[in-house]
Amino acid sequence: MNQAKRYYIATFGCQMNERDSEIMGQLLQESSYSATEVMEQADLIVVNTCSVREKAEQKAYSLLGRLKKLKEKNSALVIAVAGCVAQQDGQRLLNRIPHADLVIGPQKIYDLPTLLLGQKGCKTPEVRTGLSPAFAIPAFLPDVTSGSQFKRFVTIMQGCDNFCTYCVVPYTRGREISRTPGDIVAEVAHLAAAGITEVTLLGQNVNSYGLDKATGAETSDLTHFPDLLRAVAAVAGIQRLRFTTSHPKDLSEALMRCFAEIDTLCPHLHLPVQSGSNRLLKLMNRKYTVEDYLDKIARLRGIRPDIAITTDLIVGFPGETDEDFQATMALLEEVRYHGAFSFKYSDRPPARAIAFADKVAEEIKNDRLARLQKRQEEITLEWNRAYVGRTLAVMVEGCGRTTGEQWSGRAPTNHMVNFAGPSGLRPGQIIMVTISEGGPHSLRGSAVMA
Ligand code: SF4
């Protein structure tokens, strides 16, 4: 009997990529491959790349470069490059990584098993990177026998129509394409039936779900994201619902109200602002002003006072002056985010900002990033300390680092909570925890004993 071929997938970048890697893994298993944790033992290595940040792209290329040695030792090894770098670089990627066998863009991952069959006995690398507005994300029921048994990501749309001037996503993932509500609800019901209790709906801009401007299509009468949220929340067994990512310009009053009206929707919103300067927001093509953004934050907090708000920020965008940067620092004080992911701007071809003048010197970017992160860390710590004395519903994720009855889990606000609790807790169980300490990255407390 032939031994099953083994695959190894290395994933870079965002949650969308993590979900795509899960899909590729499942497709491979359905084609008689089995997973291995040891890259050196694999017959197939898939590198699922991300090009949104320079560092992620460099890391993917660095791994691909190192794979040359494995290929020299084992000429039957198949190396597949998937994701945004594959889409963006296509044939050019093969000049840099001639030992790669397959280059597949985000819309082609479902063809992976077929492409592998075509690889048998064939030494010619293949590039499949088209992006079609007519692409329909296939209905796909996730494998529930492996992976997390209590929480999952569910992709609801791919691509982006916004063309922020620093971002490659519309070029690498194409225009917005929504899955049908029927497929999404069926996937969530399948997960719930298997005991999954938390789902996170994923898309580059979930707020514009169902309004696929490139094709003019509306996916059904459930055209708005709030309607989809309600449909998913109605699936029996789903105890926690989250979503990411949101664009501030598309954050509607109806969506804000969901935070008060849907019991299972967790009070956490990641709302990337990118800059506190209206001049830069315009250059970034973000299509809102700081005033619009602050108005939405105030309304949201009026609707759901306990909501935790996090954001993304870019420092050193071309033309950013000290004054612009100070405006971003002032925004931190005004909003007081629970947390922020902050990055230095880097050119990401073919995004338009690559041609913008007045690039900011690296040392200035470093200095601004350090100042911004330091202040945000202080604000995050202040928020975390403010939870001391409160009792939160924590979904158990696993054992803490220390031995004994130490556990870790997530609060509805997405805070990581480490806590002392009884033995025998299981992942996915929700337990009340009284917070005794707020640290820089997590909360600490003790389970409330009945
Ligand atoms: S909204 Fe802007 S930053 Fe986000 S994926 Fe779309 S183009 Fe990129």
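Read-outs throughout are calculated quantities, based only on the coordinates presented, and are distinct from any laboratory measurement. Because the structure is a prediction, the values reported are computed rather than measured. Glycine gets a Cβ as well: all are built from the backbone with ideal geometry, and neighbour counts include every protein chain shown.
Points to keep in mind about this one:
- Over the stretch 404-450: Rg over Rh, Cα atoms, Kirkwood Rh: 0.93
- Highest-MSF residue in the chain out of CYS399, CYS50, CYS164 [GNM, Cα springs under 10 Å]: CYS399
- By the count of other C-beta atoms within 10 Å, a proxy for reagent exposure, ASP183, ASP295 are ordered fewest to most as ASP295, ASP183.
- Dipole of the chain, positive direction: furthest Cα of ILE79, ILE23, VAL154, with charges on the beta-carbon: ILE79
- Alpha-carbon Rg/Rh ratio, for the chain, with Rh computed the Kirkwood way: 0.96
- Across the cross-link table entries LYS151/LYS359; LYS151/LYS282; LYS108/LYS374; LYS55/LYS151; LYS73/LYS344, which are compared at the Cα atoms, the separations over 32 Å belong to LYS151/LYS359; LYS151/LYS282; LYS108/LYS374; LYS73/LYS344.
- The stretch 231-330, relative contact order [Cα under 8 Å, separation at least 6], %: 33 percent
- Nearest-20 debye value, the stretch 153-305 charge dipole, Cβ charges on Lys, Arg, Asp, Glu: 580 debye
- Of ALA361, ALA194, ALA231, the one that fluctuates the most in a GNM where the chain has Cα springs shorter than 10 Å: ALA361
- Farthest towards the positive end of the charge dipole of the chain, among the residues LEU332, THR36, GLY237, is the Cα of THR36, using unit charges on the Cβ of Lys, Arg, Asp and Glu.
- Karplus-derived 3J(HN,Hα) values for the stretch 414-426, using 6.51 cos²θ - 1.76 cosθ + 1.60 with θ = phi - 60°, are 6, 5, 6, 10, 9, 8, 8, x, x, 6, x, 5, 10 Hz; glycine and proline are entered as x.
- Kirkwood Rh and Cα Rg combined as Rg over Rh, evaluated for the stretch 151-386: 0.98
- Coordinate range of the alpha-carbon atoms in the stretch 24-102 per principal axis, descending: 33, 27, 21 Å.
- Max mean-square fluctuation residue, GNM over the chain, Cα-Cα springs under 10 Å, options VAL81, VAL38, VAL127: VAL38
- Which of VAL360, VAL199 has the fewest Cβ neighbours within 10 Å, and the rest in rising order: VAL360, VAL199
- With neighbour counts taken as other beta-carbon atoms within 10 Å, the residues SER342, SER208, SER31 rank, fewest first, as SER31, SER342, SER208.
- Here the alpha carbons of the stretch 247-326 define both size measures, Rg and Dmax, at 14.0, 44 Å.
- Considering all different alpha carbon pairs of the stretch 302-399, the Kirkwood hydrodynamic radius works out to 15.7 Å.
- Mean separation of Cα contacts under 8 Å (6+ apart) over length of the chain, as relative contact order %: 10 percent
- Put a plus charge on the Cβ of each Lys and Arg, a minus charge on the Cβ of each Asp and Glu, and nothing anywhere else: the dipole of the chain about its Cα centre is then about 820 debye.
- Compared with the rule-of-thumb size 2.2 N^0.38 Å for a compact globular protein, the stretch 95-153 has a Cα radius of gyration ratio of 1.46.
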